[in-house]
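Colleague: This is the structure, below, for whatever I ask next.
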Amino acid sequence: MSDELERSDAEIDDLLGGRGGPTADPTLLWLASAARPAPPPALLARIDAQVAAAAADRREARRADRPGLFLAVVAGALAFAFVFQGVGNIVAGEWIAENLGEPHGPHAYFEGALALIAAAVCAAAAAVRRSWSTVSVLTCSPLAVSLGLGGFGEIGVFAAGVALHLSEGALGLLLVLAWWLDRRDTLRGRHEERA
Amino acid sequence: MRFEDVYREHVASVWRYVRLRVPSDSDAEDVTSVVFEKALTSWPSYDAGRGSVAGWLVGIARHAVADWWRKHGRELPAEHPGGRTEQTAEDDPEGDALRRLGADDVRRRLGVLTAREREAVALRFGSELNSSEMAVVLGVSPSAARMLVHRALGRLREVMDDE
């Protein structure tokens, strides 16, 4: 019985694979033909339209989540500033400490650098997706403004530090402004679409 | 793997499977369309590690066919008195409807089979699944799946001889 089942199964495989000969079982031949008509063109057109509409929806959703140019540029610039400071702390920590007139703590500088690079990733997220921008603003702007305020204390001590920290502070404030403008424009666009 | 490519590769087999399970081609078109609508929605969560695309689509198609029968089974015209064959409509309403209302020979003849045999034939010949793939879908061993098809073919031979 098992052999018979195997044989019958192999015969079906051959037939469905287009290898069945004219000696094949007539019931199998009939079933293989009657059960496998071509799908009607109307059905294909209907599903094509569904797939195309879904693809258009996905494109629209991606477009809607792309941040405005101003927000993207400010977030990217702040991310760059954080990375610059973080990498600078690692490669030139001793020089920075010397210019600030304080003892160099490699351990603290290294861990601070890692934290700054993590903050840079968070800031960069706002340059990629609008939906991530709120989190970027909440985490990066306070940090950037704090660094900016700290920069005032370095005036007359370390010019490069002043320039970097004041830039970070300004970018932190600009990030809030860019986020607010982007949000306002998005909400206005939605209202107009609804209207 | 893009959904567009998956759809093009599998639309014929899904359509053929569904067509063998509902009475008319227009019903089959509606159900097939629903299958791909659901597949499109679920595509991001499809996990290739859990089975083939063909098996995944057949799983969706089986649910869509079951939903169709739940919604439309009672709307189909009732059988004339005395017109019943060996199985009753209560046992197998799908088979009963296919026997009476099937749009072509293949569906009317499949209506004579038991629900499991009809499903096995639709999977083997409509979806063109092999015995192992059928076994996964039906939750049986590959040899049991082969046996279902074998029995179905035997009954179809009898029906065709009687005609």
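Colleague: Once you average over the residues of A:45-52, how many Cβ atoms of partner chains fall within 10 Å of each Cβ? Don't jump to the answer; show the numbers that get you there.
Modeller: Numbers: counts 0, 6, 13, 5, 1, 7, 10, 1.
Rounded to a whole number, the mean comes out at 5.
Colleague: Compare A:ARG184, A:ARG63, A:ARG36 in a GNM of chain A, Cα atoms joined below 10 Å, and give the one with the largest fluctuation.
Modeller: Greatest mean-square fluctuation among the candidates belongs to A:ARG36.
Colleague: On to the next question. Could you give the accessible area per residue of the stretch A:68-194, probe 1.4 Å, as a whole number in Å²? Could you put the intermediate results ahead of the total?
Modeller: Numbers: 7170 Å² over 127 residues.
Each residue of the stretch A:68-194 exposes 56 Å² on average to a 1.4 Å probe.
Colleague: In the stretch B:8-39, which trypsin sites (Lys or Arg not before Pro) are in a loop and have at most 13 other Cβ atoms within 10 Å, using DSSP for the loop call?
Modeller: Details: sites: B:ARG8, B:ARG16, B:ARG19, B:ARG21, B:LYS38; in loops: B:ARG21.
Passing both the DSSP loop test and the Cβ count: no residue.
Colleague: Now for a different question. By average Cβ neighbour count within 10 Å, what is the ranking of A:135-144, A:40-49, B:132-141 from highest down? Walk me through the intermediate numbers first.
Modeller: Working: A:135-144: 19.4, A:40-49: 15.0, B:132-141: 16.5.
Averaged packing, sorted descending, gives the order A:135-144, B:132-141, A:40-49.
Colleague: So how long is each side of the stretch A:56-113 along the principal axes, counting just the alpha-carbon atoms, biggest first, in Å?
Modeller: For the stretch A:56-113, the Cα extents along the three principal axes come out at 58, 20, 13 Å.
Colleague: Right, here's the next one. Under a no-solvent Debye model with one identical scatterer per Cα of the stretch B:116-163, what's log10 I(q)/I(0) at q = 0.18 Å⁻¹?
Modeller: Debye curve over Cα of the stretch B:116-163, log10 I(q)/I(0) at q = 0.18 Å⁻¹: -0.48.
Colleague: If you don't mind, another one. Specify the inter-centroid distance of the stretch A:123-147 and the stretch B:1-69, based on alpha-carbon positions, in whole Å.
Modeller: Spelled out, the Cα-based centre of one part sits 43 Å from the other.
Colleague: Oh, and also: Nearest 100 Å² is fine: what is the total accessible surface buried where chains B and A meet, probe 1.4 Å? Present the calculation step by step, with values, prior to reporting the outcome.
Modeller: Values: alone 9250 and 12840 Å², together 18960 Å².
The B and A chains share an interface burying roughly 3100 Å².
Colleague: Note the angle between two axes, namely the Cα long axis of helix A:159-194 and the longest principal axis of the Cα atoms of chain A, as a number of degrees from 0 to 90, rounded to the nearest 10.
Modeller: Roughly 40 degrees, rounded to the nearest 10.
Colleague: Where Rh denotes the Kirkwood radius from the mean inverse Cα pair distance, what is Rg over Rh for the stretch A:2-60? Walk me through the numbers on the way to the answer.
Modeller: On the way: Rg = 19.0 Å, Rh = 14.5 Å.
Looking at the stretch A:2-60, the ratio lands at 1.31.
Colleague: Count, for each residue of B:16-26, the Cβ atoms from other chains sitting within 10 Å of its Cβ, then give me the mean as a whole number. Spell out each step's value before the answer.
Modeller: Details: counts 5, 1, 0, 5, 4, 0, 0, 0, 0, 5, 3.
The shielding value for this peptide is 2.
Colleague: So, one more: With viscosity set to 1.002 mPa s at 20 °C, what whole-number translational diffusion coefficient in µm²/s follows for the stretch B:3-162 from Stokes-Einstein and a Kirkwood radius over Cα pairs? Walk me through the numbers on the way to the answer.
Modeller: On the way: Rh = 16.2 Å.
The diffusion coefficient I find is 132 µm²/s.
Colleague: Could you pull the accessible area for B:TYR17 with a 1.4 Å probe, rounded to 10 Å²?
Modeller: So the heavy atoms of B:TYR17 present about 0 Å² to solvent.
Colleague: Shielding of B:148-155 by partners, i.e. mean partner chain Cβ atoms within 10 Å per residue? If you can, show how the numbers build up before the last one.
Modeller: Values: counts 0, 5, 6, 0, 2, 6, 2, 1.
For this peptide, the per-residue mean of nearby foreign Cβ atoms is 3.
Colleague: If R0 is 56 Å, what FRET efficiency do you get for A:ASP25 and A:ARG59 from their C-beta distance, rounded to 0.05? Walk me through the numbers before you get to the answer.
Modeller: Numbers: r = 51 Å, r/R0 = 0.91.
Result of the calculation: an efficiency of 0.65.
Colleague: Rounded, prolate or oblate for the stretch A:1-116? Axes are the square roots of the Cα gyration tensor eigenvalues, ordered a ≥ b ≥ c, and the cut-off for rounded is a/c under 1.5. Mind showing how you got there, number by number?
Modeller: On the way: a/c = 8.60, a/b = 2.71, b/c = 3.17.
Oblate, because a/c is 1.5 or more while a/b does not exceed b/c.
Colleague: For chain A, compute Rg over Rh where Rg is the Cα radius of gyration and Rh is the Kirkwood radius from the inverse mean 1/r over Cα pairs. Working shown, then result.
Modeller: Details: Rg = 32.2 Å, Rh = 22.2 Å.
Rounded to two decimals, Rg/Rh equals 1.45.
Colleague: When ligands, DNA and RNA are left out and all protein chains stay put, how many square angstrom of accessible area per residue does the stretch A:2-60 have with a 1.4 Å probe? Provide the component values of the computation, followed by the final result.
Modeller: Numbers: 3230 Å² over 59 residues.
For the stretch A:2-60, the per-residue accessible area is 55 Å².
Colleague: Using Cα atoms only, what is the angle between the long axis of helix A:2-16 and the major principal axis of chain A, expressed in degrees (0 to 90) to the nearest 10?
Modeller: So the inclination is approximately 70 degrees.
Colleague: Using the Kirkwood radius over Cα pairs, work out the Stokes-Einstein diffusion coefficient for the protein assembly as shown at 25 °C and 0.890 mPa s, in µm²/s as a whole number.
Modeller: Values: Rh = 25.8 Å.
Translational D for this selection: 95 µm²/s.
The values are calculated or read from the model by the stated rules, or taken from the named source; none is laboratory data. Please read these numbers as outputs of a predicted model, since none were measured by experiment. Note that each Cβ is placed from the backbone with ideal geometry, even for glycine, and that neighbours are counted across all protein chains shown. Areas reflect the complete protein model, heavy atoms only, side chains present, ligands, DNA and RNA absent. Shrake-Rupley method; radii C 1.70, N 1.55, O 1.52, S 1.80 Å.
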